[in-house]
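Visitor: Take this structure first; my questions come after.
The values are calculated or read from the model by the stated rules, or taken from the named source; none is laboratory data. The structure presented is a predicted model; accordingly, all values stated were derived computationally and were not measured. Because the Cβ atoms are built from the backbone with ideal geometry, glycine has one as well, and the counts that use them run over all protein chains shown. Only protein heavy atoms, including side chains, enter the accessible area calculation; ligands, DNA and RNA are left aside. Shrake-Rupley method; radii C 1.70, N 1.55, O 1.52, S 1.80 Å.
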Amino acid sequence: MQKLLLSVTVILFLFGCSNEESNDHTKNESVVSEGVDENASETLSFEEQIQKVIKANSYNPEDIVDYDLKQDYIYVFLYNPTNGLSPAILKNEKDKLVWIKSWDAIQTSSLSAGDAPIVTIVQPEDADVKDVKIFGKSARMTKFTIEITEDFSKEVKYWVYYSKQPDEVLDNITENIEYMK
């Protein structure tokens, strides 16, 4: 009788552990699916959210070379050897990143969208340029190397300057940019 009671207890114990394990497995599956769900951005890192929005707008997230945060705006810089430098502006609205605007293949431009700060991007063709000043103020340089083939790579440099001043939109770019070698 004791053996029967012991056997029944062991079976019930094992059955109880089996159900508990099954519940934990279901719980883990729902956590994983929340991370993939479009409405569950709180489980994604900030970089993953940026990559997700970039991909949803037909850009390759692997082309992201830099991004800047300015107020509620995120300026994302992508580089592709075929298309060149392409900036995009995202906005953080209630903990959700929203696509605002993008441009393809720019070299030197002032860009804006709504009330976002104006971004001036300068990508000189002269590789000897060491610094760039815009309206007499130093711009921030970003430099990276792109591997085109196994034995050929290309160094890419561009400068970025932000402003909220409408008069600093560069309609006549050459008059307001100073290149230093």
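Visitor: Which pairs do you get when a residue that is touching a residue at least 60 places away in the same chain (Cβ under 8 Å), found in segment 99-122, comes within reach of a residue that is open to solvent by 20 Å² or more (accessible area, probe 1.4 Å) and aliphatic (A, V, I, L, M), reach meaning Cβ atoms under 6 angstrom, with the pair 6+ apart or on two chains?
Guide: 108/173; 110/169
Yes or no, residue by residue, for (1) modelled with pLDDT of 95 or more; (2) closer than 21 Å to residue 59 by Cα; (3) over 20 Å from the mean Cα position of the chain (by Cα):
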residue	(1), (2), (3)
106	no, yes, no
127	no, no, yes
136	no, no, yes
147	no, yes, yes
156	no, yes, no
159	yes, no, no
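Visitor: Out of (1) of a type outside the set (D, E, K, R); (2) closer than 27 Å to residue 52 by Cα; (3) buried (at least 16 other Cβ atoms within 10 Å of the Cβ), the odd one out for residue 163 is which?
Guide: Among (1) of a type outside the set (D, E, K, R); (2) closer than 27 Å to residue 52 by Cα; (3) buried (at least 16 other Cβ atoms within 10 Å of the Cβ), the lone unmet condition for residue 163 is (2).
Visitor: Of the residues that make up segment 48-68, is at least one open to solvent by 40 Å² or more (accessible area, probe 1.4 Å), among the aromatic types (Phe, Trp, Tyr) and in contact with a helix residue (DSSP H, G or I) (Cβ under 7 Å, 6 or more places away or on another chain)?
Guide: Yes.
Visitor: Further question on the same structure: Check off (1) outside any loop (DSSP other than H, G, I, E, B); (2) without any contact (Cβ under 8 Å) to a residue 40 or more places away in the chain for residue 85 and give me the number that stays unchecked.
Guide: With respect to (1) outside any loop (DSSP other than H, G, I, E, B); (2) without any contact (Cβ under 8 Å) to a residue 40 or more places away in the chain, residue 85 is out only on (2).
Visitor: Residue check: is residue 135 hydrophobic (A, V, I, L, M, F, W, C), farther than 29 Å from residue 55 by Cβ and surrounded by 12 or more Cβ atoms within 10 Å (Cβ to Cβ)? So that I can check it myself, show each step before the final result.
Guide: Numbers: hydrophobic (A, V, I, L, M, F, W, C): yes; farther than 29 Å from residue 55 by Cβ: yes; surrounded by 12 or more Cβ atoms within 10 Å (Cβ to Cβ): yes.
When the stated conditions are applied, residue 135 passes them.
Visitor: For residue 113, are the conditions met, namely being surrounded by 12 or more Cβ atoms within 10 Å (Cβ to Cβ) and part of a loop (DSSP other than H, G, I, E, B)? Steps first, please.
Guide: Values: surrounded by 12 or more Cβ atoms within 10 Å (Cβ to Cβ): yes; part of a loop (DSSP other than H, G, I, E, B): yes.
When the stated conditions are applied, residue 113 passes them.
Visitor: Follow-up. Among the candidates 156, 129, 98, which residue alone is open to solvent by less than 80 Å² (accessible area, probe 1.4 Å), closer than 25 Å to residue 178 by Cβ and not in a loop (DSSP other than H, G, I, E, B)? Don't jump to the end; show me each part of the working.
Guide: Numbers: 129 fails: not in a loop (DSSP other than H, G, I, E, B); 98 fails: closer than 25 Å to residue 178 by Cβ.
Step by step, each of 156, 129, 98 is checked, and only 156 is open to solvent by less than 80 Å² (accessible area, probe 1.4 Å), closer than 25 Å to residue 178 by Cβ and not in a loop (DSSP other than H, G, I, E, B).
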